[in-house]
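The values are calculated or read from the model by the stated rules, or taken from the named source; none is laboratory data. Just so you know, these numbers come straight off a predicted model, no measurement behind them. Glycine gets a Cβ as well: all are built from the backbone with ideal geometry, and neighbour counts include every protein chain shown. These area figures cover heavy atoms from the full protein model, side chains too; ligands, DNA and RNA do not enter into them. Shrake-Rupley method; radii C 1.70, N 1.55, O 1.52, S 1.80 Å.
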Amino acid sequence: MRTVLNILNFVLGGFATTLGWLLATILSVVLVITLPLTRSCWEITKLSLIPWGNEAVHVDELNPDSKNTLMNAGGTVLNILWFVLFGWWLCVMHIVAGITQCITIIGIPVGIANFKIAAIAIWPVGRRVVSVEVARAAREANARRRFP
């Protein structure tokens, strides 16, 4: 089922949104000041291409033992820079693609996936794309750690 939905996403606009993320990735490499954004941009490019079966998870959820206040503050600064340069137009692109896909009945699940990626497009620094199973296992481990 994931494969069918990923193919449907690609045909119904996922190709265009992935090209937008690739453009943002290339621009973040070319503009030296945005070089730290490249990893996050590349991670979300993968999610835009194959949204079904993958999930964007914050690195603090994947490895809670390595939380660092200084790195989180730096990530916030990078996210603000990201929003100004790339985030707003990538978010709008995913919202437009999602609305367009939801107009067709067959594209509703793919449109909903685009709305989720639109939220990630605003604040992507510190997120990693992992399989749904890895994300679920990390959340369960964090819940067990917090609530013994």
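With +1 assigned to the C-beta of every Lys and Arg and -1 to the C-beta of every Asp and Glu, and no other charges, what is the dipole magnitude of the chain about the Cα centre in debye, to the nearest 20?
220
Classify the chain as rounded, prolate or oblate, taking a ≥ b ≥ c as the square roots of the eigenvalues of its Cα gyration tensor: rounded when a/c is under 1.5, otherwise prolate if a/b is larger than b/c and oblate if not.
It is oblate, given that a/c is not under 1.5 and a/b is not larger than b/c.
Spelling out what I want: for every residue of the range 53-60, take phi, set θ = phi - 60°, compute 6.51 cos²θ - 1.76 cosθ + 1.60 (Karplus), and round to whole Hz; glycine and proline get x.
Result, ordered by residue: x, 10, 8, 8, 10, 5, 4, 5 Hz.
List the residues of the range 71-100 whose backbone N lies under 18 Å from a point placed 7 Å from the Cα of Ala16 along the Cα-to-Cβ direction.
Of the residues in the range 71-100, 88-100 have backbone N under 18 Å from the label point off Ala16.
In a shell of Cβ-Cβ distance under 14 Å around Pro36, excluding Pro36 itself, what net charge do Lys and Arg (+1) and Asp and Glu (-1) give?
Here the count lands on +1.
Report the FRET efficiency, 1/(1 + (r/R0)^6), for Asp65 and Leu27, where r is their Cβ-Cβ distance and R0 is 35 Å, rounded to 0.05.
Plugging the Cβ-Cβ distance into 1/(1 + (r/R0)^6) gives 0.55.
Can you tell me the relative contact order of the range 31-148? Whole percent, Cα pairs under 8 Å, sequence separation 6 or more.
Taking the mean separation of contacting Cα pairs over the length of the range 31-148, I get 42 percent.
Hey, can you find the accessible area per residue of the range 1-107 for me, probe 1.4 Å, expressed in square angstrom?
I get 56 Å² per residue for the range 1-107.
Given R₀ = 25 Å, FRET efficiency for Phe115-Ala143 by Cβ-Cβ distance, to 0.05?
0.45
Express in Å², to the nearest 10, the accessible area of Asp60 obtained by rolling a 1.4 Å probe over the protein heavy atoms while all chains stay in place.
Solvent-accessible area, nearest 10 Å²: 30 Å².
Using a Gaussian network model on the chain with a 10 Å cutoff between Cα atoms, which of Ile95, Ile33, Ile120 fluctuates the most?
Ile33
With every protein chain left in place, what is the accessible area of Arg39 in Å² (1.4 Å probe, nearest 10)?
130
Largest first, how would His94, His58 line up by accessible area (1.4 Å probe)?
His58, His94
Please compute the modelled spin-label separation between Arg39 and Ile80, points set 7 Å along Cα→Cβ, answer in nm with one decimal.
Those two pseudo-labels are separated by 2.1 nm.
Roughly how many percent of the accessible protein surface of the range 9-148 is carbon and sulfur, given a 1.4 Å probe and a whole-percent answer?
74
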